[in-house]
Amino acid sequence: GFKSKQSRAQEDEKGGGGCCSRKKCLIIVVLLLVALGGAGFAVWWFFFKDGSFTNPWASEDRGLPTSSPTSPPLTFAPTVTSSPTSINDILDTFCPDNNSLEARRFVNTQRGTFYVIEIVKFGSDLAKSRYEAYKNFIKNDIIRQAGGALVFDFTKDGGRNFESVFIVSYPGGNAFREIMEDTTMAPILNTRKSLLSEDSVYFATLNRDVPEKYQELANGPQFYSTPAFILNNPEYYNPVAFFVHAMKFLGTPVNGREKVALFDASTQDVKSKNGIFAHGWFDIISTCRGRTGEFDQIRIESIKTFEEMGDAMATNDWVEAQRNREAGLAPASYSNYAYYTDFGNLYHPDNFSPVWSPAWSPAWSPAMSPAAEV
């Protein structure tokens, strides 16, 4: 049953016995080494030849990118148009429908300080970021050139009526017109329009009822202050939030303005004692974007704390006066609170303008501030 050495050797040379001959095995091993060496050389040539690794599938013509597309830069760098654009052309484009004629009339005839009020909602988080860039451009470049000022910059995430309120002042129609006719503004305004899901822009003047009738409401904080400053100047506290009141007064059969004035007169004392102050009441003169005549007045009032606000609203004076307010306002009116990035106080004694009425200016004194008594 055993094979001789000679017969086993003959079978090995013929490839029998279930195993290759030594010569054939050696040839196969050599071929495998050559193949592996060639593959290694190809990998080196394809990936590392230039001294650094590159992924050929990341290039534009080889399939999927290695990362998601980058967002557009959050900047409003000026882009010069081919030729200057007149203010009338700007407003005809920026103020849609029937608003442009009224806006043109206001800008071309306004001689004194006026305010541009933007109340908007965003279409996306990216739109929100780009609108912030637009606001920074207006704050840092435009209003400085025009001799204007930032007055209020508020936000309210997910607000039902708005997500941002942005108010700046201009010294007059001429200054505003010169800025708008600059060759950089048309593309900036066009970009701005594309960002917003809801967009209202009003031209307004400052209402004088507070300094003339409700001086107790004028002594609120006038600017953002540090804790150390507040410690030495308690009347300049930082509000926890602000009220934004958008008001449409009823006409006949009731006089809505008179009804609301009764509320204002009845609540100025309880408001001031509980840290609620008027920072700016704006009479809307012209609507640029939004529904014409939707609102007559936008009011900005500070809230020292929500607890004190609740105390004020729980008083009998407020509850009774609120009936007059409700009777004087149309259903479209609303009141929401917002948080500030920047704020001012157009009624504070330190901001008093002698152009108004010097007769009552001596009565304004920070020492009399009800906030200092709290």
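At a glance:
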item: Dipole magnitude of region 196-278 about its Cα centre (Cβ charges: Lys, Arg +1; Asp, Glu -1), debye to nearest 20; result: 140
item: Dimensionless Rg ratio for region 146-286, taking C-alpha atoms and the 2.2 N^0.38 Å reference; result: 1.26
item: Whole-number accessible area per residue in Å² for region 91-135, which is evaluated in the context of all protein chains at 1.4 Å; result: 45
item: Nitroxide proxy distance, nm - points 7 Å out along Cα→Cβ at L31 and E320; result: 10.9
item: Greater than 23 Å apart at Cα, pairs in K135/K273; K121/K213; K135/K156; K156/K304; K121/K271; K139/K193; result: K135/K273; K121/K213; K121/K271
item: For region 216-277: accessible area per residue (Å², 1.4 Å); result: 43
item: Carbon + sulfur, % of accessible area of region 96-141 - ligands and nucleic acids excluded, 1.4 Å; result: 41
item: Furthest towards positive pole of dipole, N207, V244, V254, structure part region 202-269, Cβ charges; result: V254
item: Overall dimensions of region 76-182 as given by Cα atoms, namely Rg and Dmax in Å; result: 14.5, 40
item: Computed lengthening from Q145 to T305, 0.36 nm per intervening residue step minus Cα-Cα distance; result: 53.9 nm
item: Fraction of accessible area attributable to carbon and sulfur, region 232-321 (%, probe 1.4 Å); result: 51
item: From phi via Karplus (6.51, -1.76, 1.60), per-residue ³J(HN,Hα) for region 136-149 in Hz, x at Gly/Pro; result: 4, 5, 5, 5, 8, 10, 5, 5, 5, 5, 8, x, x, 7
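The values are calculated or read from the model by the stated rules, or taken from the named source; none is laboratory data. Predicted, not measured: the structure shown is a model, and the values here were computed from it. All Cβ positions, even for glycine, are placed from backbone atoms using ideal geometry, and neighbour counts span all protein chains on display. With ligands, DNA and RNA removed, areas are computed over all heavy atoms of the protein, side chains included. Shrake-Rupley method; radii C 1.70, N 1.55, O 1.52, S 1.80 Å.
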